[in-house]
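The values are calculated or read from the model by the stated rules, or taken from the named source; none is laboratory data. Bear in mind the structure is a predicted one, so any value in this text is a computation, not a measurement. Don't worry about glycine lacking a Cβ; one is built from the backbone with ideal geometry, like all the others, and counts go over all protein chains shown.
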Amino acid sequence: MAVQQEVRLHKGILYDKLEGNRARCNVCQRRCNIAEDKMGVCLTRINKGGDIYSTIYGVVSSMNTDPIEKKPVYHYLPGTKSFSVGSFGCNFRCVFCQNWQIAYVDGTKIPAVEGRDLSPEDAVRMAKEHDCATISWTYNEPGIWIEYTLDCARLAKEQGLHTIYVTNGYATPEHLDLIGPYLDVYRVDIKSFSDEFYRKLINIPSAGGVLDVAKMAKDKWHMHVETVTNVIPTWNDDPENLRAIARWIAENLGDRTPWHVTRFFPCAQLTDVPPTPIETLELAERIGREEGLKFVYLGNIAAGDQNTYCPVCRSLAVSRFGYTTRVEGVTDQGRCAHCGEELGIVLRSEP
């Protein structure tokens, strides 16, 4: 039998004390109203004496040195490495979660063999030792880790590193305002434009809050934003749904915003749905371009052109083969080296 890791509580942030020793968590848009000694939906935030504490501060499920393209992030410091860390738990309950083994975990019952301690200082030190340009909070939902991600992000900026949230996008506006000064990249899932999809497969009321905060990341905090849609047969692969997503991205985040359209594979509780046909992804790519998006990439497939081309002169800007990336024709200002067109690619940026 696995030995359970000792639970060490870390005082939370972003909550309101309520009557009767209840507390309202404001880390995500669920805004859980939590009774004493109970936990929020994410199973990582607990009420003790009317105050909220995190059970996962510094508790790491996975850490790796990854190509930044694996996030996927294609237009920010292409070809560099990202120190990637994740914890346990999630504020979503996606029935198709690819990382359900860590996302579904109760934060008070993490096996000691799986949970490892990593201080913000050690995370930044290891990122620099491994020659990484960025730190990414990924694998599980980084938003529920705000006490830790905020401490890490502040320290990372002081040490000249860039920062990335790989997120489901359900943070509250006040959450985004808190970490906004220290966050460079917002890689967000737009899972569907259908509220029914979010209700049935994720158990939140609508997609609206995800879209609002993504727009806030772009407009208010000027983060570099890239989007991902995992296309699931019969659930979000309807052409009109895909068209609505692409149109929203182009109109609200900009037509240079990358849209990564990825292939679904059966997992977690959604094992009765087949993998996404390649033809469906190709249709999504065509729809994205029809709606004005300049950069649509297909993911989770072995074949396919992952290169970045100038949308005007079609010259090769960035070549990608697997996770081998080369900048071929981009100026330091992120423009096409051949015709000067703005590509929205960040090659150099002061943290």
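For segment 254-286, enumerate the residues that are among the hydrophobic types (A, V, I, L, M, F, W, C) and in contact with a Ser or Thr (Cβ under 7 Å, 6 or more places away or on another chain). Before the answer, list the steps.
The initial filter retains those residues of segment 254-286 that are among the hydrophobic types (A, V, I, L, M, F, W, C), namely 259, 261, 264-265, 267-268, 270, 273, 278, 281, 283-284.
Once the filter is applied, which keeps residues that are among the hydrophobic types (A, V, I, L, M, F, W, C) and in contact with a Ser or Thr (Cβ under 7 Å, 6 or more places away or on another chain), segment 254-286 yields W259, V261, F264, V273.
Output the qualifying pairs, or none if there are none: Cβ atoms under 8 angstrom, residues six or more apart or on different chains, first residue in segment 79-103 and within 21 Å of I190 (Cβ to Cβ), second residue in a strand (DSSP E or B) and among the hydroxyl-bearing types (S, T, Y).
Close Cβ pairs satisfying both conditions: G86/S62.
With F96, F83, F88 as the choices, which residue is of a type in the set (F, W, Y) and not in a loop (DSSP other than H, G, I, E, B)?
Numbers: F96 fails: not in a loop (DSSP other than H, G, I, E, B); F88 fails: not in a loop (DSSP other than H, G, I, E, B).
After ruling out the rest, the residue left standing is F83.
Looking at E282, E291 in this structure, which one is surrounded by fewer than 18 Cβ atoms within 10 Å (Cβ to Cβ), on the phi < 0 side of the Ramachandran plot and modelled with pLDDT of 95 or more?
Details: E291 fails: surrounded by fewer than 18 Cβ atoms within 10 Å (Cβ to Cβ).
Step by step, each of E282, E291 is checked, and only E282 is surrounded by fewer than 18 Cβ atoms within 10 Å (Cβ to Cβ), on the phi < 0 side of the Ramachandran plot and modelled with pLDDT of 95 or more.
Considering each residue of segment 299-316, count those that are within 22 Å of L77 (Cβ to Cβ) and in contact with an Asp or Glu (Cβ under 6 Å, 6 or more places away or on another chain), and give that number.
Residues flagged as within 22 Å of L77 (Cβ to Cβ) and in contact with an Asp or Glu (Cβ under 6 Å, 6 or more places away or on another chain) within segment 299-316 amount to 2.
From the residues in segment 306-351 that are in a strand (DSSP E or B), β-branched (V, I, T) and within 23 Å of the chain's Cα centre (by Cα), which one is farthest from G160 (Cα to Cα)?
Of segment 306-351, the ones in a strand (DSSP E or B) are 308-309, 316-321, 324-327, 330, 335-336, 342, 346.
Then drop every residue that is not β-branched (V, I, T), which leaves 308, 318, 324-325, 327, 330, 346.
Subset that is within 23 Å of the chain's Cα centre (by Cα): 308, 318, 324-325, 346.
Numbers: T308: 27, V318: 25, T324: 24, T325: 23, V346: 16 Å.
Per the criteria, the residue is T308.
Taking segment 41-59 only, how many residues are within 18 Å of Y104 (Cβ to Cβ) and surrounded by 21 or more Cβ atoms within 10 Å (Cβ to Cβ)? I'd like the intermediate steps shown before the answer.
The initial filter retains those residues of segment 41-59 that are within 18 Å of Y104 (Cβ to Cβ), namely 41-46, 54-56, 59.
Pick out the ones that are also surrounded by 21 or more Cβ atoms within 10 Å (Cβ to Cβ) and you get 42-46, 54-56, 59.
Of the residues in that region, 9 qualify.
Are any residues in segment 79-114 more than 26 Å from E6 (Cα to Cα) and over 17 Å from the mean Cα position of the chain (by Cα), and if so, which ones?
G79, T80, V95
Being of a type outside the set (A, V, I, L, M), assigned to a strand (DSSP E or B) and touching a residue at least 24 places away in the same chain (Cβ under 8 Å) narrows it down to one residue among Y57, Y53; which is it? Spell out how you get there, then give the answer.
Numbers: Y57 fails: assigned to a strand (DSSP E or B).
Just a single option satisfies the conditions, and that option is Y53.
Restricting attention to segment 294-307, and to residues there that are of a type in the set (S, T, N, Q) and in contact with a Ser or Thr (Cβ under 8 Å, 6 or more places away or on another chain), which single residue is modelled with the highest pLDDT? Talk me through it step by step, then tell me what you get.
We begin by selecting, within segment 294-307, every residue of a type in the set (S, T, N, Q); these are 300, 306-307.
Now restrict to residues that are in contact with a Ser or Thr (Cβ under 8 Å, 6 or more places away or on another chain): 300, 307.
Details: N300: 93, N307: 97.
The residue in question is N307.
Among the residues that make up segment 299-321, is at least one of them closer than 17 Å to T229 by Cβ, of a type outside the set (G, A, S) and surrounded by 18 or more Cβ atoms within 10 Å (Cβ to Cβ)?
The first filter runs over segment 299-321 and keeps only residues closer than 17 Å to T229 by Cβ, leaving 299-301, 304, 306.
Now restrict to residues that are of a type outside the set (G, A, S): 300-301, 306.
Those left that are additionally surrounded by 18 or more Cβ atoms within 10 Å (Cβ to Cβ): 300, 306.
Checked segment 299-321: at least one residue is closer than 17 Å to T229 by Cβ, of a type outside the set (G, A, S) and surrounded by 18 or more Cβ atoms within 10 Å (Cβ to Cβ).
Rundown of residues vs (1) over 21 Å from the mean Cα position of the chain (by Cα); (2) in a helix (DSSP H, G or I); (3) farther than 23 Å from V185 by Cβ, yes/no style:
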{"site": "T234", "(1), (2), (3)": "yes, no, yes"}
{"site": "L242", "(1), (2), (3)": "no, yes, yes"}
{"site": "T257", "(1), (2), (3)": "no, no, no"}
{"site": "H260", "(1), (2), (3)": "no, no, no"}
{"site": "E279", "(1), (2), (3)": "yes, yes, yes"}
{"site": "I301", "(1), (2), (3)": "no, no, yes"}
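Would you check if there is a residue in segment 18-40 being surrounded by 23 or more Cβ atoms within 10 Å (Cβ to Cβ), in contact with a helix residue (DSSP H, G or I) (Cβ under 6 Å, 6 or more places away or on another chain) and either part of a strand (DSSP E or B) or modelled with pLDDT under 95 (or both)?
yes
Residue check, Y76 against (1) under 20 Å from the mean Cα position of the chain (by Cα); (2) of a type outside the set (K, R); (3) at positive phi, all met but one. Which one?
(3)
Okay, residues lined up against (1) of a type outside the set (D, E); (2) crowded, with 21+ Cβ neighbours inside 10 Å; (3) at pLDDT below 95; (4) part of a helix (DSSP H, G or I):
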site	(1), (2), (3), (4)
G160	yes, no, no, no
T163	yes, yes, no, no
L176	yes, yes, no, yes
P181	yes, no, no, yes
Y186	yes, yes, no, no
K191	yes, yes, no, no
E196	no, no, no, yes
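Mind telling me which of the residues T108, T134 ends up being hydroxyl-bearing (S, T, Y) and crowded, with 18+ Cβ neighbours inside 10 Å? Even if it seems obvious, please write down each step before you answer.
Values: T108 fails: crowded, with 18+ Cβ neighbours inside 10 Å.
Unique residue meeting the criteria: T134.
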